[in-house]
Structure formats: C-alpha cells, structure tokens
Amino acid sequence: MKKDALIVLIIFLSSTTLLISQNQEKVNTTTTNKETLQDSSVVLPESLNDNLSHLLHNWQIDFSKSPSQCNKGVNIAYTDSVYMKRLYDLPTIMELSFNPVVRTYIEMYTNKRRDLVSYMLSLGDYYYPMFEEALDRYGLPLELKYLPVIESALNPVAVSRMGATGLWQFMLRTGRQYKLEVNSLVDERRDPYKSTDAAAQYLRDLYQIYEDWNLVIAAYNCGPGNVNKAIARSGGQRDYWDIYYNLPRETRGYVPAFIAANYVMNYNDEHRICHQETSNELIALDTVHVDREVHFQQISAILEIPIESIRRYNPQFKRDLIPGNHKPYALVLPTKEMYAFISHKDEIVNHNRSVYMTNRMQTLTNLNDETALSGNVLNTYYRIKKGDTLGAIARRNGTTVGRLQRMNGMRSTKLSIGKRIIVKQIAKPVEVQEDNQDGKSNASTGEVENTYYRVKRGDTLGGIARRNGTTVAQLQRMNRMNTSKIAIGKNLVVQQKAVPVPEINVDTSASEEKYQRIELSPSTSSENIITEYLKKKKEESKDNT
C-alpha cells in the first residue's frame, strides 16, 4: 500500500514539474528578456557591409595627405559588466540597455569595422554639430545624432537596396512628405542640412505616435506599419524588447546597432580607435543663394576649387548642375570661396556657358513659317554659286541638309545658281544697354545673360557680327574691345539678353503646433500612418490660428 502511494506521489511530482517547465518555456517564448537575448538571424545594416574604398570615394574627402596618420593599435576587449556600466553612464534620456545582440554589434565595430569607425569619427566633426543643432531645435535627444552612423555610414549619397537615399535614408515618398525636393537634377534627401531638418521632424512625429524611443527608432527603420503589426502580434505590448521577435529580421538588430554606435562613438579611445585625420577643411563653410543656372565646372575653373570639394559640400545636386533659373538654391562653399563666388558671379555664370548649358530653350520645327518666333527671327542668307551642293553649304554653316530644306521650304536638294537661301536663323538680340559712368547697366529689367562664340581660324569681327545679326560696334561694346583684332580661341559675347531677377520672399515666421496621439492600427501602411498624422497636424494648426 505504501509502495503504491509512493508511486502515485512520484508521478504527481513529475507531472507537476513537467507542467511548470512547459509553462516557463511558454513564458520564455512570448516574453523576451533583454539581458539574455540571443538572435543568430539578425541581418546587419547595409552600412556595415559597405566597402571602405567605395565609401572613401563617396565621402569625397582626401585622407591620404593628412599631416599625421591614425595609429590604430590593437583592440581591447572588456567584460559584459564593463559594457553595461559604460552604456548606463552615458548622459542620455534614451534607454541604452545591454544584451548579447548589442555586444555582437560592439564587437563588430571595435574589431572587424574599426577602420570604418576611425573614418566616421573624423566625419563626425563635420556632421555631428549640424545634427545636434537640428535635434535641439525640435527638442529631441542629442544621441539621435548617431542614427546616420547605422543608416548610411555618414555617406550623403548612400542609396539602399530599397531606394532609401542620403544620410538619413529617406524613401522618396516620405522625403516628399517632409518637403524634400526630388527631381532629375536635385535630390534634397542628399542635402545634409535639409534632410537633417526633415529627419528631426519625422522623429518628432514618430515619438508623438509611440512615446517610446526604441519603438521610434524601429519605426524609422521599417516604417510605422510594421511596428504596429509587431505590437498587435505581441498582444499589444509596447516595449521594443517584448515585440522583438515579431519585427522584421532587418529591424531586430537596428536598435542594438544604434546602441552599439552610441557606445563606440563615445568610448573609441578605450578600444584604441583614433580619428583618421584629413587635410580637408570641414568646418569653415558658408552658404550663398544661387538664382542662375551654374555648373560645378564653371565654379571650379574660376575659383580654382577642386570639383570633388564642391560635390562634397553640395551632394544634393545630382548632375553637378545648379538649376537656379527655376528658383534660388543654396550653394555651400568654404567661407573664403563663398565671398569670391559673390564677387565673380557673372564671370562664373558666363564661363564656357555654351559648353555646359546645352539644353535649348526653343526648337524651330518649321523655320520657313514667318510666325515661328512671332517675327523675332533674323535670317542669314547665302547666294548659291556654281559647284555648290546643299550638303557642302550645310557643313560650312554648321547645320544639316534637312534643316536647310525646312528653313527654305525645299522639297528637293537641287539648287539654282544665283538664288539666295537661308542658312541660319536666330532670335533677335535684345537691345544692349549702354553702361553708365560707374560701369553698371542701365537695364531696368534685371541682369544680362550673354551668348558666347569661340573665335576660329579665319574669323573676322565683321563676319561674326553678320552671322549673329549685330554690328562690329556692338560686338566691341559688349566685349569692351578697342580694336577689331581677335585671337583664335577667345570667347566673344555675341548676344546679350536682359533677364528679370525674381523677388524672393522669405517667410521667417514660426508657429507652435500641438499634437494628438493617433490610435495604432496594424492594417494601416507606414505611408498612410504618417500621411494621416501630418494631415491631422495641419488641421489642428488651422484650428489654433
């Protein structure tokens, strides 16, 4: 009897122990302990996989001529308790907790990618003050300045596999929602100043939605829609570590990588990682607004600045061209060169203009039609001689047989000796205003745009004048010439056109905005969440005014 009772007791205790074990295992699978978190399926941020030579090219910074190169040394590894204490000691309002995944990223930065960290420390001298100013302006934690470290490795022209672009990796639609201009010539997602301001606004809006910085960083990476789905799948949990396994694989390591970036940027000395010095000046920069079409090569030639430097200061201009005719654009230059640009603006704009500004304002499809340019056309004629062919006449006048036929309404290539044909048509030049005594133009319509011609062998001032529908005296006056002698290769002004200068109204007023939290819906897409939020802000702003 006692034996049977003992067997029953053993079975009962075994069953109870097994049940407790199963329940504990179930709890462990649904609730993540951030101190013991393990994840072998984390996908590294793209910035950690970037080839260093590729980054050096995109950074447009010369590290090879530095006065003293960085002596890297050997990494020092520390215990988990040291990492934990150092992160806890950082002066931040954001939670920078430690776990095995965070340690993996710290080791990645301090061992495998310590060369990348060395260069980013130097780049940070330029970018971090800019980031901090924008973050402070919107009342955000300054430690968010390290977000571009994992987003783009501080590469302003970085483009992800999904098309996210710039330091802050904006997708096209999100960038436009935050007023970043993107077209064939300009991509303000690559503008360090404007994209930083837009990113600060975006982070502020995400915090109004989630009220938790780890969730904000996760939403910044994968979009609010994916974070909402992870929250819903986790039973409404609103702690990043509780929804960790319900996030996309690419996002799971994003917060740990951010924490590790904060660590390595603050404790690089403890791991013997030094700044990689550069001979480039990164600090003394200034901005000038450009309201004319200007190519970087024009600026480089006149101011004698390497075009690589201009590109580095202004990565938002995708084709080395500032399309200032549409609206003013900010050009960033070292302070000394900025003053030189202002002093030599006209010379820069007109330098080899025909070489760099090749887009035609108007093309003539039927040049024989007297109404083609509303009567503002000057014809250049040629009298046909014995032996002439239409092809030879076209070559001598820099045109084509088809165009000659269109200008003269010809259906055949046959020519009649003695007949005059049109070989060139140009718009009538604007009347050139006389200069007054102080050298300024009397034109009341604004600035003057010049059209240039490069002198070739055999050219005469009279011949150039006739081909361009002007006079020798006008050419001499436009080019400030005291003689009719011209040098081969010299650029002559052959036409001048008045260009009105648009008035620029800058609205410096600012208004305070109030925000209201939006209910989270797992079925709502990331773009619609932000669109809805921005729409609500706009309506509330109207109500307050």
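The values are calculated or read from the model by the stated rules, or taken from the named source; none is laboratory data. In this text the structure is predicted, and so the values were computed from the model without any measurement. Heads up, the Cβs are rebuilt from the backbone with ideal geometry, glycines too, and the neighbour counts pull from every protein chain shown.
Annotation note: Cβ proximity below 9 Å between a residue of the stretch 123-135 that is in the same structural domain as residue 309 (by TED's automatic domain parsing) and a residue that is assigned to a helix (DSSP H, G or I) and modelled with pLDDT of 90 or more (sequence gap 6+ or interchain) occurs for no pair.
Could you pull out the residue among 167, 140 that is in a loop (DSSP other than H, G, I, E, B) and under 17 Å from the mean Cα position of the chain (by Cα)? Going through 167, 140 in turn, the sole match is 167. What about residue 255, is it more than 17 Å from the chain's Cα centre (by Cα) and under 21 Å from residue 158 (Cα atoms)? The answer is yes for residue 255. Any residue that is at pLDDT 95 or above and either in the same structural domain as residue 167 (by TED's automatic domain parsing) or aromatic (Phe, Trp, Tyr) (or both) - is there at least one of those in the stretch 290-298? Looking for residues that are at pLDDT 95 or above and either in the same structural domain as residue 167 (by TED's automatic domain parsing) or aromatic (Phe, Trp, Tyr) (or both), one finds at least one in the stretch 290-298, hence yes. For the residues 156, 148, 91, the requirement of being of a type outside the set (Val, Ile, Thr), in a loop (DSSP other than H, G, I, E, B) and buried (at least 18 other Cβ atoms within 10 Å of the Cβ) singles out 156. Residue count for the stretch 104-122 under the criterion of being in contact (Cβ under 8 Å) with a residue 40 or more places away in the chain and either among the charged types (D, E, K, R) or outside any helix (DSSP H, G or I) (or both): the result is 3.
Residue-by-condition table, conditions (1) outside any loop (DSSP other than H, G, I, E, B); (2) modelled with pLDDT under 50:
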site: 438; (1), (2): no, yes
site: 475; (1), (2): yes, no
site: 496; (1), (2): yes, no
site: 504; (1), (2): no, yes
site: 517; (1), (2): no, yes
site: 523; (1), (2): no, no
site: 528; (1), (2): yes, no
site: 539; (1), (2): yes, no
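Please verify whether residue 194 is at pLDDT 95 or above, of a type in the set (Lys, Arg) and out of contact with any Phe, Trp or Tyr (no Cβ under 8 Å at 6 or more places or on another chain), treating the condition exactly as stated. Answer is yes for this residue. Checked against (1) modelled with pLDDT under 90; (2) crowded, with 16+ Cβ neighbours inside 10 Å; (3) under 22 Å from residue 449 (Cα atoms), residue 309 passes all but condition (3). Scan the stretch 284-301 and tell me whether some residue there is surrounded by fewer than 16 Cβ atoms within 10 Å (Cβ to Cβ) and closer than 30 Å to residue 92 by Cα. Yes: one or more hits. Among residues of the stretch 461-473 being β-branched (Val, Ile, Thr) and assigned to a loop (DSSP other than H, G, I, E, B), the one that is nearest to the chain's Cα centre (by Cα) is 470. Screening residue 184 against (1) of a type outside the set (Phe, Trp, Tyr); (2) outside any loop (DSSP other than H, G, I, E, B); (3) touching a residue at least 40 places away in the same chain (Cβ under 8 Å) leaves a single unmet condition, (2). Among the residues that make up the stretch 210-222, is at least one of them over 24 Å from residue 132 (Cβ atoms), of a type outside the set (Lys, Arg) and out of contact with any strand residue (DSSP E or B) (no Cβ under 8 Å at 6 or more places or on another chain)? Scanning the stretch 210-222, I find at least one residue that is over 24 Å from residue 132 (Cβ atoms), of a type outside the set (Lys, Arg) and out of contact with any strand residue (DSSP E or B) (no Cβ under 8 Å at 6 or more places or on another chain), so the answer is yes. Residues that are exposed (fewer than 14 other Cβ atoms within 10 Å of the Cβ), modelled with pLDDT under 85 and either assigned to a helix (DSSP H, G or I) or among the small types (Gly, Ala, Ser) (or both) within the stretch 397-431 comprise 398, 402, 409, 412, listed in sequence order. Count of the stretch 54-88 residues, restricted to those that are crowded, with 17+ Cβ neighbours inside 10 Å and either touching a Lys or Arg at 6+ places or on another chain (Cβ under 7 Å) or modelled with pLDDT under 90 (or both), is 8. Within the stretch 315-344, the set of residues being crowded, with 16+ Cβ neighbours inside 10 Å, aliphatic (A, V, I, L, M) and under 14 Å from residue 292 (Cβ atoms) comprises 321, 322, 331.
The numbered conditions (1) at positive phi; (2) in contact with a His (Cβ under 6 Å, 6 or more places away or on another chain) are all true for residue 122 except (1).
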